[in-house]
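Take a look at the structure set out below.
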Amino acid sequence: MATSLRPYERFAEVYDKITPDEFYAEYYDFILKILKEMNYKPKKTLDLACGTGRLAKIFLDEGYDIEGLDISEKMLEIAKSRAKNLKVYQSNMIDFNLGKKYDLIVCTYDSINYILQEASLQKCFNSVSKHLNQEGVFIFDMNSVFKINKVLPEYKADYYDFGDAELIWLNSHSHEPDLWIGEVILFKKTEEGKYERYYEKYIERAFELNTTKKLLKAANFEILETYSDFEFNKIKKDSKRWFFVTKKKTN
Ligand SMILES: C[S@@+](CC[C@H](N)C(=O)[O-])C[C@H]1O[C@@H](n2cnc3c(N)ncnc32)[C@H](O)[C@@H]1O
């Protein structure tokens, strides 16, 4: 029997090997272009669902004052080992309370899709709003309804060999619309040359564009722009990744 774990526990140790550095550089460049366009220079930034801190590390190296928050202890351990001067918080992004405010909060790589209920997404947006200074900016992306319902179900299984571990990534689509299920089976070589098997399950939920906008507005956000797929293009029916650029309204 495989040991069944919460998401991003054992997978954390191989997570970084799956996504190339260029992907994070692309995020950084895109966010920087957005900030430049807005002529906005944040003093304090929070990377929400920061994972192993790869994006936060780029911000740090570029001289930004950034902190990270994630629910997974293992992901945060890696983030800390990557950037010793990165302050991180282990917390649930749905309902966090750090007792401080930021000028910019970013949340990338479809982390928002891990929130599965509309009421929870509202709570998350409320928490983000609470942690922003007046006119503070919140930039995030999410996998689109099209990607969750039409693109991801078409993906076949992936196999990775890392030498001391092997991984099978399955896209076992849910039969419910707007939900995607990913399954990870990790085989980890023991000192005796045998394998331990770990299983983790991932669920992402797609939210309609109008629902997302409604929840943002209810959390006191003005939606400045929506973009798609790392381009300054408007969202189309077949856009896969939606970007939201929002600003906390002055009271
Ligand atoms: C796809 S990873 C993205 C991580 C990071 N942003 C990156 O770009 O590599 C999703 C992250 O969301 C985190 N996460 C999922 N649900 C969360 C929650 N409710 N609160 C905080 N973090 C959460 C996971 O632990 C994981 O690190």
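Name the residues in region 115-169 that are among the charged types (D, E, K, R), away from the ligand (no atom under 14 Å from the Cβ) and part of a strand (DSSP E or B), would you? 135, 158, 161, 166 - these are the residues of region 115-169 that are among the charged types (D, E, K, R), away from the ligand (no atom under 14 Å from the Cβ) and part of a strand (DSSP E or B).
If only residues of region 35-62 that are out of contact with any Asp or Glu (no Cβ under 7 Å at 6 or more places or on another chain) and assigned to a loop (DSSP other than H, G, I, E, B) are counted, the one that is most open to solvent (accessible area, probe 1.4 Å) is 41. Selection within region 53-70: residues that are near the ligand (Cβ under 6 Å from one of its atoms) and under 11 Å from the mean Cα position of the chain (by Cα). The member of this set that is nearest to residue 16 (Cα to Cα) is 55. Taken residue by residue, region 80-95 has at least one member that is assigned to a helix (DSSP H, G or I) and more than 13 Å from the ligand (Cβ to nearest atom). Among the residues of region 232-245, is there at least one that is assigned to a strand (DSSP E or B), loosely packed, with under 14 Cβ neighbours inside 10 Å and at pLDDT 95 or above? There is at least one residue in region 232-245 that is assigned to a strand (DSSP E or B), loosely packed, with under 14 Cβ neighbours inside 10 Å and at pLDDT 95 or above. Which is more than 18 Å from the chain's Cα centre (by Cα), of a type outside the set (Gly, Ala, Ser) and surrounded by 16 or more Cβ atoms within 10 Å (Cβ to Cβ), of 186, 179? Exactly one residue qualifies, and that residue is 186.
The values are calculated or read from the model by the stated rules, or taken from the named source; none is laboratory data. Values in this document were obtained by computation on a predicted structure and should not be read as measured data. Ideal geometry is used to build each Cβ from the backbone, glycine not excepted, and the neighbour counts take in all protein chains shown. Protein only, heavy atoms only, side chains kept; ligands, DNA and RNA dropped before computing areas. Shrake-Rupley method; radii C 1.70, N 1.55, O 1.52, S 1.80 Å.
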